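To start, the structure itself, in structure tokens.
The values are calculated or read from the model by the stated rules, or taken from the named source; none is laboratory data. No experiment lies behind these values; they were computed from the predicted model shown. Backbone-built Cβ (ideal geometry, glycine too); neighbour counts: all protein chains shown. Surface accessibility is based on the protein's heavy atoms, side chains included, excluding ligands, DNA and RNA. Shrake-Rupley method; radii C 1.70, N 1.55, O 1.52, S 1.80 Å.
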Amino acid sequence: MPMTMTQKILAAHAGVETVSPGDLIRVKLDMVLGNDITSPVAINEFEKAGFTEVFDKTRISMVMDHFVPNKDIKAAQQAKQCRCFAGCHGIVNYFDAGDMGIEHALLPEKGLVGPGDVVIGADSHTCTYGALGAFSTGVGSTDMAAGMATGEAWFKVPSAIRFNLTGTLPAGCSGKDVILTIIGKIGVDGALYQSMEFGGEGMHTLSMDDRLCMANMAIEAGAKNGIFEVDEKTLAYCKEHGFANPRVYTADADAEYTEVITINLSEIVPTVACPHLPENTKPAAELSAVKIDQCVIGSCTNGRISDMETAAKIFAGRHVAPGVRCIIIPATQAIYKECAKRGWIEIFIDAGCVVSTPTCGPCLGGYMGILAEDEVAVATTNRNFVGRMGHVTSKVYLSSPETAAVSAIKGYIADPREDTA
Amino acid sequence: MKAHGIVHKYGDNVDTDVIIPARYLNTADHKELAAHCMEDIDKEFASRVKKGDIIVAGANFGCGSSREHAPISIKESGVSVVIAETFARIFYRNAINIGLAILESKEAAEHIAAGDEVEVDFTTGSIINHTKGEIYCAKPFPPFIQEIIGKGGLLNAIKGGN
């Protein structure tokens, strides 16, 4: 029975030779993740069920990133509950204010996840690590609790859609434009219950940051996971970040896919998802009538070093448009520090931007950039649902860092290829 | 096991941000979450919903975030079952894991209107619309899910299992 990449990883972790789509299996977990919003619910369930020990204190990560530094008293209580649990159980990979970063930027950076792993996380964007060739998927808090207790999870083996990438990305475009284009094409439930497997010659031209951004948004197409073939860039990334044991799985040549979609990267244009679904995509060039009140550059989708570099190049010597608030959030402390070292923080501040310590804050309408009634934001985040960033009548347009930065300077949504400064 | 109640009807792609906005995720208290259930799509829901009521929606119900707070807020509101054409996969898992009954039926999602009086038989999967005098069939749960629900949720199932 030929298998996809995802199916091979799942079979290996279930201790069986082969699996087929629809099979119900129990797999061993390499990492179980939670954050300051989802972990408290998991801890309550874990304790209520009477568990007293975690399966492996080195294979659980808790990252205080959503409402930390604590946004209010209730958020502080939740973070405190996580801190106590982590202390009590000796959770090795507990990250709090000072060393935390946005979880899906932090775990790859720390070398905690890598090729061939099975990872579950009580956060929907856990699918990010598929960029490294892992099977990685978002779950709820009860699954997290069960995972912490047993080191196992049940899964229904998914079928897959194969994305064959060809060509190379033109200037002004990045992985964000590719994934928005794909979601625009297949819809927010286009890959429901399935894997999105990315490969082809074009894939090798994409940077790891581009791949992480694309895998991150697999959930926005309803997918169970997004996964990239492992190549030299992946292995170099693992080495650089200290991931010791990459296990490389390759799809069988005759693996079955429900659909094979070819995406020519050379044809990608700067793309924006309009309110209120990530599938409502349009070329940025067609949206110049959309005036913006706020710009957010950051998040688990686009808060990595290359995203900061893109923004710094655009903002150098320039200023955000009058009336526009621009919030830049490097995703981890290491990225923040690198931005400072390279002089980008100074560029951002001189351009009139706010630069913040890592947090998910504005992406989910938590804090650090909430929108008022009828306000409009362009953001490099991943969701533009009703009320996602604030007031129920506010609007979020999702874009790449290139498009967001140029739009902040212009005051309206702009195609970065037409930026002549 | 049966459910019987009045229907609250919604469209496609009801996301977890409108089911329970993130501004309320600074608590895990079930009652506080229920007080804001569906707030950004239906402001009156929390005050209108009665114990046993039923939510019916279109495709991809519960898309978006993995927040278990979403099915928790619905369950705590008193809703007896959510019927949708399809569910987003994390919501589907979470609902089962916390013991919120859910059923997939395109026919029911299309035909049932807001305010209809509907009865659901979970053992047969039949959905009876008393207002319209119609019967629809839902996909039954696979056996392993029945086992989780039968044992009172995932954690009880694994505790009682191995």
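Which whole number in µm²/s is D for the protein assembly as shown by Stokes-Einstein, with the Kirkwood Rh taken over Cα pairs at 10 °C and 1.306 mPa s? Translational diffusion coefficient: 67 µm²/s.
Surface calculation, 1.4 Å probe, protein heavy atoms: A:ARG59 sits at approximately 90 Å² accessible. Cysteines in chain A that lack a partner Cβ within the 4.7 Å cut-off: A:CYS82, A:CYS84, A:CYS88, A:CYS127, A:CYS173, A:CYS213, A:CYS238, A:CYS274, A:CYS300, A:CYS339, A:CYS360, A:CYS363. Accessible area ranking (1.4 Å probe, heavy atoms, ligands and nucleic acids excluded), largest first, for A:MET208, A:MET368: A:MET368, A:MET208. Of all aspartates and glutamates in the structure, those lying under 17 Å Cα to Cα from B:LYS139, and not within fewer than 8 positions of it along the same chain, are B:GLU85, B:GLU104, B:GLU107, B:GLU110, B:GLU119, B:ASP121, B:GLU147.
As a length-normalised measure over Cα pairs under 8 Å and 6 or more apart, the relative contact order of chain B settles at 24 percent.
How many percent of the accessible area of the protein assembly as shown is carbon or sulfur, using a 1.4 Å probe? Answer for the protein assembly as shown is 51 percent, counting heavy atoms of protein chains only. Tell me, what is the FRET efficiency for A:GLU17 and A:GLU201 to the nearest 0.05, using R0 = 45 angstrom and their Cβ-Cβ distance as r? Efficiency for this residue pair is about 0.90. Interface burial in the stretch A:32-81 reaches 30 Å² or more for A:ILE37, A:VAL41, A:ALA49, A:PHE51, A:PHE67, A:LYS74, A:GLN78, comparing the full protein assembly with the chain by itself; accessible area from heavy atoms with a 1.4 Å probe. Taking each residue as 0.36 nm, the span from A:GLU286 to A:VAL92 lengthens on full extension beyond its C-alpha to C-alpha distance by 65.0 nm. Near A:THR271, the amide H atoms lying under 5 Å from its own belong to A:ALA284, A:SER400; only residues 5 or more places off or on other chains count, and H is placed 1.01 Å from N.
Interface burial in the stretch B:57-71 reaches 30 Å² or more for B:ASN60, B:GLY64, B:SER66, B:GLU68, B:HIS69, comparing the full protein assembly with the chain by itself; accessible area from heavy atoms with a 1.4 Å probe. A simple charge model with +1 on the Cβ of Lys and Arg, -1 on the Cβ of Asp and Glu and nothing else charged puts the dipole of the stretch A:205-361 at about 780 debye relative to its Cα centre. Using the alpha carbons alone, the radius of gyration of chain B stands to its Kirkwood radius in an Rg to Rh ratio of 0.95. In the distance distribution for the stretch A:298-421, Cα-Cα pairs more than 18 Å apart total 47 percent. The figure for A:SER400 is an accessible area of roughly 0 square angstrom, using a 1.4 Å probe on the protein chains alone.
Principal axis extents of the C-alpha atoms in the stretch B:43-93 (largest first, rounded to whole Å): 27, 21, 19.
Please build a GNM for chain A, connecting alpha carbons under 10 Å apart, and tell me which residue among A:ILE91, A:ILE349, A:ILE409 fluctuates the most. Largest GNM mean-square fluctuation: A:ILE349.
The reciprocal of the average 1/r between distinct C-alpha atoms defines the Kirkwood hydrodynamic radius, which for the stretch A:150-267 equals 15.0 Å.
The amide H of A:THR281, built 1.01 Å from its N in the peptide plane, has A:CYS274 as neighbours under 5 Å, considering only residues 5 or more places off or on other chains. Comparing A:TYR94, A:TYR336, A:TYR237 in a Gaussian network model of chain A where C-alpha atoms under 10 Å apart are linked, the largest mean-square fluctuation is found at A:TYR237. Protein-only accessible surface at a 1.4 angstrom probe places the residues A:TYR412, A:TYR397, A:TYR129 in the order A:TYR412, A:TYR397, A:TYR129, largest first.
Across all C-alpha atoms in the stretch A:48-183, the radius of gyration and Dmax reach 17.4, 56 Å.
Solvent-accessible surface of chain A, averaged per residue with a 1.4 angstrom probe and all protein chains in place: 33 square angstrom. B:HIS30 sits with roughly 70 Å² accessible to a 1.4 Å probe, with DNA, RNA and ligands left out of the calculation. Of the DSSP beta bridges with both residues in the protein assembly as shown, give the percent that are antiparallel, rounding to the nearest 5. Within the protein assembly as shown, antiparallel bridges account for around 30 percent of the total. Counting only the backbone N, which residues of the stretch A:21-53 are under 17 Å from the spot 7 Å out from the Cα of A:CYS84 toward its beta-carbon? Correct set: A:36-53. Note on B:ILE135 and A:GLU267: with the Förster distance fixed at 41 Å, the Cβ-Cβ geometry gives a FRET efficiency of about 0.25.
Summarised as an ellipsoid, the stretch A:201-261 has semi-axes of 22, 16, 12 Å, derived from the eigenvalues of the Cα gyration tensor scaled by 5 and square-rooted, with the largest first. Largest GNM mean-square fluctuation across A:ASN225, A:ASN35, A:ASN245, computed for chain A with C-alpha springs under 10 Å, falls on A:ASN245.
Overall, chain A carries a charge dipole of about 700 debye about its Cα centre when +1 sits on the Cβ of Lys and Arg and -1 on the Cβ of Asp and Glu, all other atoms neutral. Using 14 Å as the cut-off for backbone N distance, which residues of the stretch A:4-33 belong to the label zone defined by a point 7 Å from the Cα of A:ASP56 along Cα→Cβ? Zone members listed by number: A:13-15, A:27-33. Taking all Cα pairs closer than 8 Å and separated by 6 or more residues, the relative contact order of chain A comes to 17 percent. The B and A chains share an interface that buries close to 3700 Å² of accessible area, total over both sides, probe 1.4 Å.
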